[in-house]
Amino acid sequence: MKPPRFDFVRATSLADVHAVLAELGANARLLAGGQTLMPMLSMRLVRPTAVVDIMHVPGLDGIAIKGNDVRIGAGVRQADLLAWPHLAASLPLLQAALPWVGHAQTRSRGTVCGSIAHADPSAELPLCLLALDGTVGLSSSRGRRHVPASEFLVGMMSTARADDELIEAIHIPKRQPGAGYAFNEFGRRHGDFAIVACAAVVAATSIRLAVGGVADRPERRDFPLIEGKPLAEAIDAFSWALDARDDLHATARYRRELVRQMGHATIEEARRCRG
Amino acid sequence: MPRLSADTSHMVRLTLNGQTVEAAAEPRMLLTDFLRHALGATGTHVGCEHGVCGACTVEIDGMLARACLTLALQVDGATVRTVEGLAPGPGRLSVLQEAFRRHHALQCGFCTAGILMSLDHYLRRNTNPSEAELREFLGGHLCRCTGYVPIVAAALDAAKVLRETKADA
């Protein structure tokens, strides 16, 4: 499996990226860590006219706390975020989820924003972005806009990004004081795509459960601060509302059962680590 | 901004195992093929070509990378280490390679180059890994011969030798 022919553009400024995207639109593909795009090229699922390497664009590589948000630039690799000294204090859900993203050997190249850009319904990072009410910062030669994760993640490998836009950064709200966060995943093998992944946030007045791997995009539901049987019933209702499908990895029924069991356990884990 | 045409080859210069090397590559050429066919460094193996099996794992600027998920043009100016760079000299093996031999940690050897690169990278940062840590780390590699048990044993043994060497130094 070899990639098809394409021009290679080594962008050295945001203006470069915007110019190529304005010219070629969907025929240009942005290359950051390459952990999703490169297999897609080799399997010829995409045939772009040009591949634009954005890893030499200054200003895309930073992780910074800005007010209540953590800004993660398009060039930040998953391993960089995992090694960020403020991760546990600022983004405990990401700290729990990142070890599930691929393997050490792919996290060292793959970027956080790249995973968001591809929006695989089983991927951990879009799920966390949705669970935490993150936003996606897009820019193009037309200007900048911010899109909430709930509107950005449209469906299977499909997002609200326009063809001429670059994800410049994502913005994730910092840990809320008093809230608890937990993440769990079930797959055949550690590092495989999730059959079901669950992220839970237990805050002062509400519980949120977000699940990936079930529908064609991550889904979330908020509950009041309930527990025990009422919570189990509420999660059951959520699991039935999900557009679960059978595939060769698991049946829809099996996925719903995972949402009920693992979803409940993840919420209880988040409740225990409130602080 | 440089836009390199799909139909022509472009010179890529990099440091490979300490030596400056250069060769031409079309934009679509993968680093695996570039290493093997353009530079003649055939130690890096090509398995699945979509990042799953880990056979082509190399180090780029000190970070582990799947060479099959990297374009040759991306390593222009970079420092790359491959399995050819592990042995300290001709006719000698590294501590990790010796441990692989002692423990029969390979049979067909197809996955070995990538696993050696990963473990070499890991053991240079942590010479006291637990078996569980090593197994999680090896999750990024597929071996269809050994069942992984001798690979884990070799890695633990190499870590022990490295700790003792450190203590002696």
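Which residue fluctuates the most in chain A, going by a Gaussian network model with Cα springs under 10 Å, if the choices are A:145, A:208, A:260?
Of A:145, A:208, A:260, the Gaussian network model singles out A:145 as fluctuating most.
Say each of residue A:247 and residue A:188 gets a label point 7 Å from the Cα, pointing the same way as Cα to Cβ; how far apart are those two points in nm?
About 1.2 nm, to one decimal.
Could you give the length gained on full extension between residue A:222 and residue A:5, defined as 0.36 nm per residue of separation minus the Cα-Cα distance, in nm?
73.4 nm
Rounded, prolate or oblate, given the Cα gyration tensor of the range A:1-121, with a/c below 1.5 counting as rounded?
oblate
Compute the angle between helix B:149-168 and the longest alpha-carbon principal axis of chain B, please, reported from 0 to 90 degrees and rounded to the nearest 10.
80 degrees
Post the alpha-carbon centroid distance, the range A:1-65 to the range B:79-98, in whole angstrom.
Measuring centre to centre over Cα atoms gives 34 Å.
Please give the FRET efficiency for residue A:237 paired with residue A:145, using the beta carbon to beta carbon distance and R0 = 45 Å, rounded to the nearest 0.05.
Result of the calculation: an efficiency of 0.85.
Springs between alpha-carbon atoms under 10 Å, Gaussian network over chain A: tell me which of A:154, A:202, A:46 tops the mean-square fluctuations.
A:46
By counting other Cβ atoms within 10 Å of each Cβ, how are A:103, B:104, A:171 ranked from fewest to most?
Ordered from fewest to most neighbouring Cβ atoms within 10 Å, A:103, B:104, A:171 come out as B:104, A:171, A:103.
Between A:108, A:42, A:140, find the one with the highest GNM mean-square fluctuation for chain A; connect C-alpha pairs within less than 10 Å.
A:42
By the gyration tensor of its Cα atoms, with a ≥ b ≥ c the square roots of the eigenvalues, what is the shape of the range B:15-63: rounded for a/c under 1.5, prolate for a/b over b/c, or oblate?
Since a/c reaches 1.5 but b/c is at least a/b, the shape of the range B:15-63 is classed as oblate.
Rounded to the nearest 500, what is the 222 nm mean residue ellipticity of the protein assembly as shown from helices alone, with -39500 (n - 2.57) per DSSP H run of 4+ residues and division by all residues?
After summing the helix terms and dividing by the residues of the protein assembly as shown, the value is -9000 deg cm²/dmol.
May I ask for the equivalent-ellipsoid semi-axes of the protein assembly as shown, computed as the square root of five times each C-alpha gyration tensor eigenvalue and listed largest first in whole Å?
37, 29, 19
Please find the FRET efficiency linking residue B:24 to residue B:61, where r is the Cβ-Cβ separation and R0 is fixed at 30 Å, and quote it to the nearest 0.05.
That gives a FRET efficiency of 0.90.
Taking the Cβ of residue A:178 as the centre, find all other residues whose Cβ is under 12 Å away and add up their charges (Lys, Arg: +1; Asp, Glu: -1).
Cβ neighbours under 12 Å give a net charge of +3.
If Lys and Arg each add +1 and Asp and Glu each add -1, what is the summed charge of the other residues whose beta carbon sits under 12 Å from the beta carbon of residue A:253?
+2
Rule-based calculations on the coordinates, nothing more; no lab input. Everything quoted here is computed from the prediction, not taken from an experiment. Here Cβ is always computed from backbone atoms with ideal geometry, including for glycine, and neighbour counts include all displayed protein chains.
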